[in-house]
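Step one of this worksheet: look at the structure below.
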Amino acid sequence: MDALNIIEDGTYVDATFGRGGHSARILERLGPSGRLIAIDLDPEALAVGRERFGADARVTFARASFGELGELAEQLGIEGRVDGLLMDLGVSSPQIDDPERGFSFREDGPLDMRMDPERGVSAAEWLAGVDERELADVLFRYGEERHSRRIARAIVDARAETPITRTLQLADIIRSAVPKKAAARDRIDPATRSFQAIRIAVNGELEAIERALDSALEVLAAGGRLAVISFHSLEDRIVKRFIREHARPPAASRRRPAVPFSARLREIGKLVRPEEAEQQANPRARSARMRVAERRAAGGAA
């Protein structure tokens, strides 16, 4: 909330509403003329939001991906007028905790993993059609899984025998493919990275982050703040690279002439990590990272 630098009559976007924790805090700081746009792709999240904040005239709900921020801003007439944009990336706790959503490898449920169960293909459908090489690439690239080829081969072999439609079914296949010594050395369940990778692929999450960040440059007002919370290195690298690309001139090189650079963002503070007390109170915050930037006025110096 401090990073967003909230002003009472400002316009703010919670691009990943979830269950409204951040939105509630923003509304506490907004005055009667302030405005909050709450975005989420999950119909269950929006149902909770409308029940919780539906009577608040300052709130506008939108069922969309945060990757559709640019189009949504144009529809709502808030391009260049947003004073703060918050993105809390990844899957939400209620989604993980509901076995029927298919995100968890600890409880059995249908292998879905879609943020919006009514959009796109489920994880089960995706796994049924993806070829082995692409699957291995996804596991390695999105899950940083060292045993991606072994796991991909195990999944392909298993689906040849019977369709993979349940979360525990997939988790057992993955665990059986990871060498026992490697699994013993690791601090996390062997299925963790593969489930993350498949979820990212099914929902197009990294592409959505890139689209949303690009849109942020057009949506934010001069002086508006961008705050992004990420939970793994792939997300954080995209955010870090984006902010630096628009806040700092490119490194000088003898091979290419210098070009004029006009900074569109200003980095605010350093990378923020959860303190020990927060990690103990909420273990899921353990890997959280927050980066903050401010939109410069046109022609801002680097």
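Just so it is clear, none of the values below were taken in a lab; they were calculated from the coordinates. No experiment lies behind these values; they were computed from the predicted model shown. When we count neighbours, we look across all protein chains shown, and the Cβ atoms used for this are built from the backbone with ideal geometry, even at glycine.
In table form, for the structure just shown:
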read-out: Whether the stretch 14-76 is rounded, prolate or oblate, judged on the alpha carbon gyration tensor where a/c under 1.5 counts as rounded; value: oblate
read-out: Hits among lysines - C-alpha to C-alpha of Lys270 under 28 Å, sequence gap 8 or more where chains match; value: Lys240
read-out: Percent RCO, i.e. relative contact order, over the chain, from Cα pairs under 8 Å lying at least 6 residues apart; value: 18
read-out: Under-5 Å amide H pairs with Arg296, H placed in peptide plane, nonlocal only; value: Gly223, Leu265, Arg266
read-out: Cα-centre dipole for the stretch 126-179 with unit charges at Cβ (Lys and Arg positive, Asp and Glu negative), debye to 20; value: 140
read-out: Cα-centred dipole magnitude for the stretch 99-203, charges only on beta-carbon of K, R (+1) and D, E (-1), debye, nearest 20; value: 580
read-out: Length released on extending from Asp2 to Arg248, taking residue separation times 0.36 nm less the Cα-Cα span; value: 86.2 nm
read-out: Calculated FRET efficiency for the pair Ala222/Arg133, C-beta based, R₀ 41 Å, to 0.05; value: 0.30
read-out: Simple Cβ-charge dipole of the chain, Lys/Arg +1 and Asp/Glu -1, about Cα centre, in debye nearest 20; value: 1600
read-out: The stretch 183-302 - percent relative contact order, Cα under 8 Å, separation 6 or more; value: 32
read-out: Rg ratio (alpha-carbon, reference 2.2 N^0.38 Å) - the chain; value: 1.08
read-out: Hz values of 3J(HN,Hα) by residue in the stretch 101-108 - Karplus curve (6.51, -1.76, 1.60), Gly and Pro given as x; value: 7, x, 8, 8, 9, 9, 10, 7
read-out: Cut-off 11 Å between beta-carbons: net charge of the residues surrounding Gly120, Lys and Arg +1, Asp and Glu -1; value: -2
read-out: Two-site label geometry, Asp157 and Asn282: point separation in nm, points 7 Å out along Cα→Cβ; value: 4.2
read-out: Neighbour-count order for Phe66, Phe53, fewest beta carbons within 10 angstrom listed first; value: Phe53, Phe66
read-out: Spin-label pair Ala182/Gln75, simplified geometry with 7 Å Cα→Cβ offset, distance in nm; value: 4.4
read-out: Residues Thr162, Thr60 arranged by fewest to most Cβ contacts within 10 Å; value: Thr162, Thr60
read-out: Environment charge at Pro110 (Cβ cut-off 12 Å; Lys +1, Arg +1, Asp -1, Glu -1); value: -3
read-out: Trypsin sites (Lys or Arg not before Pro) within the stretch 183-262, DSSP loop, no more than 11 other Cβ atoms inside 10 Å; value: Arg187, Arg254, Arg255
read-out: Relative exposure of Ser33, Ser230, Ser194, judged by other C-beta atoms within 10 Å (fewest first); value: Ser33, Ser230, Ser194
read-out: Radius ratio Rg over Rh of the stretch 99-203, counting only Cα atoms, Kirkwood formula for Rh; value: 0.93
read-out: Extreme residue, positive dipole direction of the chain, given options Ala263, Val138, Ile37 (C-beta unit charges); value: Ala263
read-out: Cα-projected label distance for Arg29 with Arg166, points at 7 Å along beta-carbon direction, nm; value: 4.7
read-out: Partners for Lys180 among aspartates and glutamates (Cα-Cα distance below 16 Å; same-chain residues under 8 apart left out); value: Glu145, Asp172, Asp189
read-out: Dipole of the chain [Lys/Arg +1, Asp/Glu -1 at C-beta], most positive-end residue of Ser215, Met115, Ala62; value: Ser215
read-out: Cα centroid of the stretch 1-49 to Cα centroid of the stretch 65-123, whole Å; value: 15
